[in-house]
Amino acid sequence: MKLLSGLRAWVVQRVSATLLLGFVLWFAVWLFLVPPDSYDQWRALVAHPTAEIALTIFFAALLAHAWVGVRDIVLDYVHWRPLRAAILLGVAVGLLATGAALALAALHAR
Amino acid sequence: MPPPAFDHATDAPDGRSLISGDLQSRHWGDRPRFLDLRHLSFPPGALASIAHRASGALLAMATPPTAWVFLRSLASAEGFAEVARWGRTLPVRLALALLLAALTYHLLAGIRHLLMDVGIGSSLRAGRASARVVLAAGAAAFVAAAAMLLR
């Protein structure tokens, strides 16, 4: 697990945090200004080219941020190696499956 | 027998040991471990940090189900109607209020951390003050989210 640890994890956490902060504020304002009342409106909102790019960046940043954050917590509090490995494996599988489902849906929508 | 000497490293000012009985024999090298949560004090910064972790863990756990609901709402008109229907039920609105409050708090505490990283408000005084502010704002966010979603 050298891929996301040490200084790199620290940087990833801060860069993704900044991206997520910007996206959440932007999306909240957008939802407030143009609340989607129907499926077609909602679909059009998400399929908007700007939203498409932003959502891709958002979910990538979210999954990376969640991984680094949960990893930090688990490494701090779970000291028994087998349990630590099991929890980290479960979290990794859950986050990767989420990413895969999102990516497949995005490809399918094209 | 003389009374035991006061040990500055392990004893609270009132003379209680900071280390609970079953932990007294467990040391890292020469250093004792202060793990008795009943005797440790939690300054505002520690509470803000723990709440940041707890809200983050909650948001991380909510991510896969939220992504699933997001995809379902986009998959078809029926899926959208179904998600809208869930959104009107009490348990979902309760969970939503909790997540919204957790997100608001996590963002505020996160902004606090990012500012401290670049040296803004990283003095002890400012850190304690900002910790109190984000904790109060988090509590306010929970009340506001609950009031908005549970009307």
May I ask you to evaluate 6.51 cos²θ - 1.76 cosθ + 1.60, the Karplus curve with θ = phi - 60°, for each residue of segment B:82-93 and list the ³J(HN,Hα) values in order in whole Hz, giving x for glycine and proline? 5, 5, 4, 5, 4, x, 9, 8, 4, x, 5, 5
Per-residue mean of C-beta atoms belonging to partner chains within 10 Å, peptide B:59-67: 6
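Could you order peptides A:57-68, B:130-141 by the average number of other Cβ atoms within 10 Å of their residues, highest first?
The most tightly packed comes first, giving A:57-68, B:130-141.
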Nearest 0.05, what FRET efficiency do B:Leu47 and A:Ala60 give at R0 = 35 Å with Cβ-Cβ as r? 0.65
Taking 7 Å along the Cα-to-C-beta vector as the label spot, tell me the B:Ala140-A:Ala92 distance in nanometres, rounded to one decimal. 4.2 nm
The protein assembly as shown: translational diffusion in µm²/s, Stokes-Einstein, Kirkwood Rh over Cα pairs, 25 °C, 0.890 mPa s: 115 µm²/s
Using per-residue counts of other Cβ atoms within 10 Å, averaged over each peptide, order B:83-89, B:143-149, B:102-108, A:14-20 from highest down. B:102-108, A:14-20, B:143-149, B:83-89
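Counting Lys and Arg as +1 and Asp and Glu as -1, what is the net charge of the other residues whose Cβ lies under 14 Å from the Cβ of B:Phe42?
Numbers: positive: B:Arg38, B:Arg53, B:Arg128, B:Arg132; negative: B:Asp36.
Net of charged neighbours comes to +3.
Hey, fewest Cβ within 10 Å first, where do B:Trp68, A:Trp80 land in order?
A:Trp80, B:Trp68
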For the residues B:His113, A:His108, what sequence is obtained by ranking on other C-beta atoms within 10 Å, fewest first? A:His108, B:His113
Enter the Cα centre distance for the pair segment A:19-34 and segment B:121-143, rounded to the nearest angstrom. 23 Å
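For B:Asp117 and B:Arg38, what does the FRET efficiency come to when R0 = 25 Å and r is the distance between their Cβ atoms, rounded to the nearest 0.05?
Values: r = 33 Å, r/R0 = 1.31.
According to the calculation, E is roughly 0.15.
If we count every other residue with Cβ under 14 angstrom of A:Val74's Cβ, Lys/Arg +1 and Asp/Glu -1, where does the sum land?
Working: positive: A:Arg71, A:Arg81, A:Arg84, B:Arg53; negative: A:Asp72, A:Asp76.
Counting the neighbours of A:Val74, the net charge comes to +2.
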Under 15 Å, Cβ to Cβ, from B:Ala144 - net charge with Lys/Arg +1 and Asp/Glu -1: +2
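Every number here is computed from the coordinates shown, using simple stated rules; none is lab data. The structure presented is a predicted model; accordingly, all values stated were derived computationally and were not measured. For neighbour counting, all protein chains shown are included, and Cβ atoms are generated from backbone atoms with ideal geometry for every residue, glycine included.
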